[in-house]
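Structure first, commentary second.
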Amino acid sequence: MILRDGTTRVEVTALTDDIFRVGVFPEGMPVEYRSEAVVFDRQPSGDLSRVRVQHDPVRIAFEAHGRVFAADDAGVERFSKARAEGERYFGCGERTAGLEKTGSHQVFWNVDPPEGHTASFNNLYTSIPFVLSLVDGRAHGLFLDYPGRVEFDLAKADPDRFTAVGTDAFVYYVFAGPTPRDVLAQYTELTGRISLPPLWALGNQQSKWGYEDADEVRAIARGHRERGIPCDVVYLDIDHMDGYRVFTFDPQRFPDPAGFVAELEADGFKVVCITDPGVKVDEDYGVYVSGRERDLYCKTKRGTEYRNVVWPGLCAFPDFTNPEAREWWGDQQAPLVEAGVAGVWCDMDEPALFVPDQSTMPGDVVHPGGGEPRYHQDVHNLYGSLMARAARTGLERLRPDKRPFVITRAGYAGLQRDALQWTGDNSSWWEHLWMSMPQLQNLGLSGVSFCGVDVGGFFGDSNGELLARWTEFGIFQPFCRNHSCKGTVPQEPWAFGEPWEAVCREMLELRMRLLPYLYGLFDEAARTGAPILRPLLFEYPDDPVTYSADDEFLVGDALLVAPITRPGIEHRHVYLPAGTWGQWWTGERIQGPAHVLAHAPLGKPAIYARANAAIPLWPVLQHTGELPDELTLRVFGGEGSVTRSLYEDAGDGYGPYARRTVTCDGRTLKLGPCEGDYVPSRLRVEVVGRGVVEVPDGAFEITLP
Ligand code: MIG
């Protein structure tokens with residue numbers, strides 16, 4: 001549908017019955033839908049029966065699932081949406097303040113924030129201009145697709161309005177819901193979903209900026225095995241490079257990268273390497289020279305190579321908006337892949353620059369784009385996403401039989417399909433442990449279901465109690481990695497001695513036991529966009545108490561976790577929504593909705609399981625290479641029937657899988673037919689407090705003890 005409002009051209013398109021696109025183009029501006037965020041590639045449905053148009057001035061609204069939403073309250077040429085009565089806003093990507101965004105102003109512009117960012121900060125490393133709204137428990141969503149700077153005013157300046165500024169022509173998408181799950185499915189149908197990571201990426205991971213050389217990393221790996229502390233991955237930060245030249249190894253510190261990786265591999269560890277976008281200007285460095293010869297770097301306005309200083313000294317910066325530059329960059333990863341490196345960590349990709357300190361590229365730097373030049377200010381937020389895309393697609397080409405593993409710090413809407421997001425440089429503060437909860441829930445509500453913060457905190461010295469409590473939380477992050485800054489005290493799980501070491505071990509053992517459950521949630525996220533670590537409101541949108549419950553969260557549909565985030569205390573308030581909940585450690589049943597005072601001494605965090613949800617567990621493993629062939633389904637019996645899905649495969653590659661449904665009502669447990677050709681594990685069922693039964697081969701229904 002094409003409308004005109006004065007000299008402004010307005011186009012409304014129904015992509016599906018529940019996803020709408022609106023393009024607003026003032027006179028003289030091109031009609032342009034090109035987007036690096038959007039992957040929707042089906043034929044648009046074209047059904048405009050849910051679109052409502054008023055004329056003079058033109059105003060657009062949508063009507064579906066029994067209500068009107070995303071209604072313009074001014075002429076269409078400005079972005080201004082009426083706030084429906086009782087409408088509450090959520091989402092907005094990586095945000096450190098609480099869950100609810102009603103009454104806030106949101107800036108979308110990627111930065112490497114100053115050390116010690118707090119909940120009062122607004123924009124950080126990634127930008128996702130996406131809002132999920134709830135009105136009387138029903139959800140809709142809105143995504144404004146512009147990767148330059150944009151700002152949302154969510155009923156702050158005017159309590160009855162949602163306005164956006166930053167761009168004259170604009171394209172936005174509306175998602176009809178009506179549940180939060182539907183909105184996430186619709187938003188991620190448009191912008192893409194995570195791909196299923198290799199199983200080892202769900203294991204525990206250990207990192208530190210400051211591990212000096214191969215021997216130190218070996219000792220860290222061995223330290224885990226000697227102490228029986230599960231770990232799957234160790235990291236090489238920038239000190240592994242030769243003079244910070246990306247894709248190289250320092251010949252003294254890492255004389256035999258392939259031998260080093262193979263040795264760790266034999267002990268069940270993967271190695272992941274950092275990469276930075278700044279390429280050292282050095283005529284003897286092949287990466288730099290080949291990028292220059294192929295003309296793949298960003299330019300100044302005058303057409304010369306744009307340079308700035310980062311770790312290696314003076315650097316040039318790949319123009320990742322150019323598909324040829326992405327392909328070239330992906331290929332440069334070959335030396336890492338040949339050494340056996342299993343994944344790539346993209347850092348500093350806001351991009352973060354040193355001159356001036358903690359700055360980014362000036363807005364008038366040119367991204368030549370392989371013939372479609374754009375100014376940096378119009379693509380800034382994309383830089384990290386496109387670097388991650390170059391890394392991901394490169395790994396897929398270099399190692400087609402393995403699943404890619406890419407981490408990014410910066411990015412834009414849709415980054416979830418190229419990388420997981422880790423949230424950069426937090427601090428070893430109790431406040432930052434607290435902050436991690438809304439931060440990861442906000443990301444999960446914005447399509448980034450694979451995410452995590454540095455466990456133990458990055459800047460500053462951690463301590464035993466903080467690390468132990470942080471690990472109690474960290475094992476529930478989709479991405480579970482302990483990482484810290486150069487010059488801080490060691491914070492490996494054993495670094496502070498007992499009793500903290502034992503707590504970290506028990507928690508990481510629990511992580512390993514829960515891996516089959518988490519893997520099923522990753523499968524769900526890859527298929528539907530549902531967050532893994534999710535706010536209560538995702539499952540209970542009709543319960544307004546959940547809207548502010550941001551210091552607790554759900555892991556999938558079946559576990560509720562309420563971490564302790566202050567020193568010296570063992571009790572805290574927990575809200576349990578409707579249904580029966582089983583206390584993980586004691587088996588006690590609690591009927592929700594209820595506010596309870598949880599007792600959570602060290603090593604016994606407040607975890608509640610949803611009654612009758614069958615939670616698949618492994619025995620304790622030291623790493624995922626020890627894949628067992630038996631699963632235990634743990635059930636806390638109660639009222640009501642719950643159906644969950646159980647996912648298994650070989651853990652990497654693209655071979656067969658097995659997906660089954662498990663339905664339990666507390667008295668019987670039923671298995672649905674198995675989808676896929678992978679040979680599924682044998683099952684036993686542990687009914688908490690009542691005993692264990694083996695499930696005979698071929699059985700599809702058993703009576704529980
Ligand atoms: O200027 O590579 O957020 O995780 O250890 C600092 C060194 C660069 C910032 C990352 C951090 C990493 C560090 N990097």
> In this structure, does Arg566 turn out to be assigned to a strand (DSSP E or B), more than 19 Å from Arg634 (Cβ to Cβ) and among the basic types (Lys, Arg)?
Replying inline: no
>> Name the single residue that is farthest from Pro563 (Cα to Cα) among those in the range 498-539 being touching a helix residue (DSSP H, G or I) at 6+ places or on another chain (Cβ under 7 Å) and in a loop (DSSP other than H, G, I, E, B).
In response: Gly529
> How many of the residues making up the range 480-529 are within 16 Å of the ligand (Cβ to nearest atom) and of a type in the set (Ser, Thr, Tyr)?
Replying inline: 2
>> Residues that are part of a loop (DSSP other than H, G, I, E, B) and within 16 Å of the ligand (Cβ to nearest atom): does the range 318-329 have at least one?
In response: no
> Restricting the search to the range 312-332, which residues are within 17 Å of Leu353 (Cβ to Cβ), crowded, with 18+ Cβ neighbours inside 10 Å and of a type outside the set (Gly, Ala, Ser)?
Replying inline: Pro312, Cys315, Phe317, Pro318, Asp319, Phe320
>> Pairs please, first residue from the range 207-227 and within 19 Å of Gly243 (Cα to Cα) and among the basic types (Lys, Arg), second anywhere and modelled with pLDDT of 95 or more and within 14 Å of the ligand (Cβ to nearest atom), Cβ atoms under 6 Å, 6+ apart in sequence or on different chains.
In response: Lys208/Ser484
> Name the residues in the range 333-348 that are within 10 Å of the ligand (Cβ to nearest atom) and touching a Lys or Arg at 6+ places or on another chain (Cβ under 8 Å), would you?
Replying inline: Asp347, Met348
> Which of the residues spanning the range 431-466 are in contact with a Pro (Cβ under 6 Å, 6 or more places away or on another chain) and among the aromatic types (Phe, Trp, Tyr)?
Replying inline: Phe450
>> I'm checking my understanding of the structure. Among residues of the range 31-53 that are touching a residue at least 40 places away in the same chain (Cβ under 8 Å) and either touching a Cys at 6+ places or on another chain (Cβ under 7 Å) or under 24 Å from Tyr412 (Cα atoms) (or both), which one is surrounded by the most Cβ atoms within 10 Å (Cβ to Cβ)?
In response: Ala37
> Can you pull out the residues in the range 153-172 that are part of a strand (DSSP E or B) and either in contact with a helix residue (DSSP H, G or I) (Cβ under 6 Å, 6 or more places away or on another chain) or surrounded by fewer than 24 Cβ atoms within 10 Å (Cβ to Cβ) (or both)?
Replying inline: Asp153, Arg161, Thr163, Ala164, Val165, Phe170, Val171, Tyr172
> For the range 427-444, which residues satisfy the criterion of being away from the ligand (no atom under 16 Å from the Cβ) and of a type in the set (S, T, N, Q)?
Replying inline: Gln441, Asn442
> From the residues in the range 274-311 that are part of a helix (DSSP H, G or I) and of a type in the set (A, V, I, L, M), which one is nearest to the ligand (Cβ to nearest atom)?
Replying inline: Val287
> Which of (1) farther than 23 Å from Asp542 by Cα; (2) free of Cβ contacts under 8 Å to residues at least 60 places away in the same chain; (3) among the aliphatic types (A, V, I, L, M) is the odd one out, the single condition Val111 does not satisfy?
Replying inline: (2)
>> Suppose we filter Pro404, Pro362 for residues that are outside any strand (DSSP E or B), touching a helix residue (DSSP H, G or I) at 6+ places or on another chain (Cβ under 8 Å), more than 16 Å from the ligand (Cβ to nearest atom) and within 23 Å of Pro113 (Cα to Cα); which single one remains?
In response: Pro362
> Applying the selection to the range 200-245, what residues are more than 13 Å from the ligand (Cβ to nearest atom) and of a type in the set (D, E, K, R)?
Replying inline: Glu212, Asp213, Asp215, Glu216, Arg218, Arg222, Arg225, Glu226, Arg227, Asp232, Asp242, Arg245
>> Quick check on the range 591-621: of everything there that is among the aliphatic types (A, V, I, L, M) and not in a strand (DSSP E or B), which residue is surrounded by the most Cβ atoms within 10 Å (Cβ to Cβ)?
In response: Ala614
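Considering the range 647-659 alone, what residues qualify as being in contact with a Ser or Thr (Cβ under 7 Å, 6 or more places away or on another chain) and either within 12 Å of Pro616 (Cβ to Cβ) or in a strand (DSSP E or B) (or both)? Full working, then the answer.
So the first thing to find is which residues in the range 647-659 are in contact with a Ser or Thr (Cβ under 7 Å, 6 or more places away or on another chain), and the list is 648, 651, 659.
Answer for the range 647-659, where residues must be in contact with a Ser or Thr (Cβ under 7 Å, 6 or more places away or on another chain) and either within 12 Å of Pro616 (Cβ to Cβ) or in a strand (DSSP E or B) (or both): Glu648, Arg659.
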>> Condition check: closer than 24 Å to Leu134 by Cα and among the charged types (D, E, K, R). Does Glu27 satisfy that?
In response: no
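Rundown of residues vs (1) surrounded by fewer than 23 Cβ atoms within 10 Å (Cβ to Cβ); (2) farther than 21 Å from Val555 by Cβ, yes/no style:
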site: Asp454; (1), (2): no, no
site: Ser462; (1), (2): no, yes
site: Gly487; (1), (2): yes, yes
site: Gln491; (1), (2): no, yes
site: Ala502; (1), (2): yes, yes
>> When you check Val453 against the structure, is it modelled with pLDDT of 95 or more and farther than 28 Å from Val183 by Cα, yes or no?
In response: no
>> Gly369 - would you say it is small (Gly, Ala, Ser), over 30 Å from the mean Cα position of the chain (by Cα) and either assigned to a loop (DSSP other than H, G, I, E, B) or closer than 27 Å to Asp215 by Cα (or both)?
In response: no
>> Of all residues being assigned to a loop (DSSP other than H, G, I, E, B), over 25 Å from the mean Cα position of the chain (by Cα) and charged (D, E, K, R) in the range 68-126, which is farthest from Leu382 (Cα to Cα)? Just the residue, please.
In response: Glu85
>> Here is a check on your reading of the model: is Pro373 surrounded by fewer than 15 Cβ atoms within 10 Å (Cβ to Cβ), within 23 Å of Trp311 (Cβ to Cβ), without any contact (Cβ under 8 Å) to a residue 40 or more places away in the chain and not aliphatic (A, V, I, L, M)?
In response: no
>> Being farther than 24 Å from Cys273 by Cα, within 16 Å of the ligand (Cβ to nearest atom) and either touching a strand residue (DSSP E or B) at 6+ places or on another chain (Cβ under 7 Å) or in contact (Cβ under 8 Å) with a residue 60 or more places away in the chain (or both): is that true of Gln477 here?
In response: no
> Within the range 221-253, can you find the residues that are under 10 Å from Cys273 (Cβ atoms), hydrophobic (A, V, I, L, M, F, W, C) and either surrounded by fewer than 19 Cβ atoms within 10 Å (Cβ to Cβ) or in contact with a Phe, Trp or Tyr (Cβ under 8 Å, 6 or more places away or on another chain) (or both)?
Replying inline: Leu236, Ile238, Met241
> In the set Gly384, Gly447, Gly424, which member is within 15 Å of the ligand (Cβ to nearest atom), assigned to a loop (DSSP other than H, G, I, E, B) and either in contact with a helix residue (DSSP H, G or I) (Cβ under 6 Å, 6 or more places away or on another chain) or not aliphatic (A, V, I, L, M) (or both)?
Replying inline: Gly424
> What are the residues in the range 320-366 that are over 26 Å from the mean Cα position of the chain (by Cα), hydrophobic (A, V, I, L, M, F, W, C) and within 26 Å of Val453 (Cα to Cα), if any?
Replying inline: Phe354
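The values are calculated or read from the model by the stated rules, or taken from the named source; none is laboratory data. Everything quoted here is computed from the prediction, not taken from an experiment. Cβ: placed from backbone, ideal geometry, glycine included. Neighbour counts: every protein chain shown.
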